[in-house]
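Report on one structure; see the data block that follows.
No lab work stands behind these numbers, since they all come straight from the coordinates. The shown structure was predicted, so the numbers you read here are calculated from the model rather than taken from an experiment. So basically every Cβ, Gly included, is an ideal-geometry build from the backbone, and we count neighbours across all protein chains shown.
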Amino acid sequence: MNHSDLRDILRKIDHKGYPAYKDTRGKYDFGKYVLSIDHVQGDPFAAPSRLSVHIDGKTAGFPEELYNTDWRRVALEDFLLREFGKKVSEGSFQAHGSGKSGLIGVSRPGQEVLKRSAFLIDRRTGSLVVRFQVGFPARGRTVLSDELVKILYDILPKCVEKSLFAAAYRAEYLKKNADLADDRHYIREELEKRNLVAFIADGAILPRKSGISQLPMKEAVKFKAPDSLAVTLSLPHKGELRGMGIPKGITLIVGGGYHGKSTLLSAIERGVYDHIAGDGREYVITDENSVKLRAEDGRSIQNTDISMFIRNLPNGKDTKHFYTEDASGSTSQAANTVEALEAGAKCLLIDEDTSATNFMIRDELMQRVVAREEEPIIPYIDRVEELSEAMGVSTILVAGSSGSYFHKADYIIQMKQYLPYDITERAKEEAKVFPLKAGQALEAAEFSTERVIVKGEGKAKNTSRNGQAHGRGAFGKPSGREERIKTKTFGTDGFSINKEQVELRFVEQLVDSEQVDALAQILIYMSKNILDGKKTVSECVDALYQEIGKKGFAAFDGDTSDHLVIPRKYEVYEMVNRCREFIKIQ
């Protein structure tokens, strides 16, 4: 339909009851773009209506070289979404009315560059789609057509014109964004070639503005690699870039309090994602198969083989098929470690401050007082070398109080006033004065990966998600009302599904609430389309990502979502492992 048809509809429904807005659903040609009204809210106080703008590739005019690789395309999508977001924020609430009337909202990315359903560019044609929300105006529950006309015919066209066409930007500005994407991708490829698990560039700003902000700290100390760990890369566009390379193996990060140990580890754990220019961490790159571990008192554990760390419990509980609804610090960290290995992790990131002490170490005095045969826990220090040498799994560990890991570490980095120093030789020499008591002979570390996921007891209900009716069957197609399931997300802390809470606040590499939104929908999709009572956890996750590879977001949530980020497979594993009722692991 032509945009004039939409004007006619709005004229006819003016001052009618709010449900009359349903008549506007459809697609309207505005000349340079097509406006699609995909979902209309039920009343002015409900979640805003969902709209999308579709622009043909030739009309948008972005050169093919800006999106001809996956990493360039995601970088361009992210860049344009941010620019569109700036424009719509200026126009939001310029139209007036009750409730959410006049709101114009769009996905708000943080410091990371992530693949989002809010903005998609077709890899073949360059056509683009941006999805956003609009609060359709009303007085009380009466349609205010003139106010919606102001949004759709005045505010929105200006936002589109100034942000979604190549002509709105200087060519070198767009090229710079693509060049950064190329350089980041190059570093990721170089990590494996150079036997590294992470790279932190000289000049990087690692400290953040505050504990609740991921913005860079002003006037922070710039990172500089010690010569012994320095690596110089020849990037495709930036040229030579020096920085600290952390080799595969066992790396210990030590230092006094407030000198930057945890800050360095935090930058490394978030380095599995790309960061925007100006973040300070745009050249902090970590092996994407790195997983942050910690203790997690109270988590649910279902049929996890933790026997490589915990065995011979005094109550006779089976640790090869360990179940608990309320894990201790040590059992939770053991389960988190084994589950990460099951998912294929190649580097484990650990901070002593958030770990269970008895899981990490038992000092000599404690071993003298409590005999080893009376202790069911095999501490991580007794397995760390085997993980590295036999399994090819590296460890980066922040330690502030125990020097025992000096004996095990391949590399020891001391943080002093936010600068790294290689103290490996000195620390090893000092460690000779405090020899590590020989541990008991251990059987080779092994664990079962034959855990099967089955549907749990959680029953589907006719209800809503964030105020919207929601229920999807195979590949996002709406299912019958009896299949509808209620989900609600809580930032990055987790989500509820029906009445069950899935706690994710200790899954520390979740960085965006839209990843959690996606996890909730993935769980529903898996329960309906993948779980057959026979597939293992790994087989289910592999099947999920095969579908995502073919269909993208449409694989699990239709094609109109404006608030999703596809998470890494590791976070899917962690979500599945923390479900208590909706699905079960046997």
Using only Cα atoms and rounding to the nearest 10 degrees, what angle (0 to 90) does helix 3-13 make with the longest principal axis of the chain? 80 degrees
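With only alpha-carbon atoms in the gyration tensor, what are the semi-axes of the equivalent ellipsoid for region 178-448, in Å, largest first? Walk me through the numbers on the way to the answer.
Details: eigenvalues 230, 86, 59 Å².
Here the semi-axes work out to 34, 21, 17 Å.
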Among 206-214, 29-37, 563-571, how do they line up from the highest to the lowest mean number of other beta-carbon atoms within 10 Å? 563-571, 29-37, 206-214
Find which of Tyr273, Asn315, Ile301 sits farthest along the positive direction of the dipole of region 257-362, computed with +1 on the beta-carbon of Lys and Arg, -1 on that of Asp and Glu, about the Cα centre. Asn315
Which of the listed residues, Ala409, Gly491, Thr69, is farthest toward the dipole's positive end in the chain, when Lys, Arg count +1 and Asp, Glu count -1 at the beta-carbon? Gly491
Among Val576, Pro207, Leu164, whose Cα sits farthest toward the positive end of the charge dipole of the chain (+1 at Cβ of Lys/Arg, -1 at Cβ of Asp/Glu, about the Cα centre)? Leu164
Residue-by-residue Karplus 3J(HN,Hα) for region 108-124, coefficients 6.51, -1.76, 1.60, Hz, glycine and proline x: 10, x, x, 7, 8, 9, 10, 6, 10, 6, 5, 8, 9, 10, 5, 5, 8
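If packing is taken as the average count of other Cβ atoms within 10 Å, what order do 489-499, 133-143 fall into, highest mean first? Can you show the working numbers first?
On the way: 489-499: 17.6, 133-143: 21.7.
Ranked from most to least packed, the peptides come out as 133-143, 489-499.
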For the chain, calculated [θ]222 nm from helices alone, where every DSSP H run of n ≥ 4 adds -39500 (n - 2.57): -9000 deg cm²/dmol
Once the cut-off is 28 Å, how many percent of the Cα-Cα pairs in region 3-169 end up in the long-distance tail? 22 percent
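Might you report the magnitude of the Cβ-based charge dipole of the chain about its Cα centre, with Lys and Arg at +1 and Asp and Glu at -1, to the nearest 20 debye?
Working: 85 positive and 86 negative charges, 426 e Å.
Magnitude of the dipole: close to 2040 debye.
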Roughly what angle does helix 70-91 make with the longest principal axis of the chain, taking Cα atoms, 0 to 90 degrees, to the nearest 10? 50 degrees
Using only Cα atoms, find the angle between the long axis of helix 569-578 and the longest principal axis of the chain, and express it within 0 to 90 degrees, rounded to the nearest 10. 80 degrees
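Sorted by packing (mean other beta-carbon atoms within 10 Å per residue), highest first, where do 112-122, 423-433 land? Each step should come with its number before you reach the end.
On the way: 112-122: 21.6, 423-433: 13.9.
Output ranking for 112-122, 423-433: 112-122, 423-433.
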Taking only the alpha carbons of region 133-232, what extent do you get along each of the three principal axes, in Å, biggest first? 70, 35, 26
Round to the nearest 0.05 the FRET efficiency obtained for Lys58 and Lys27 when R0 = 25 Å and r is the Cβ-Cβ distance. 0.85
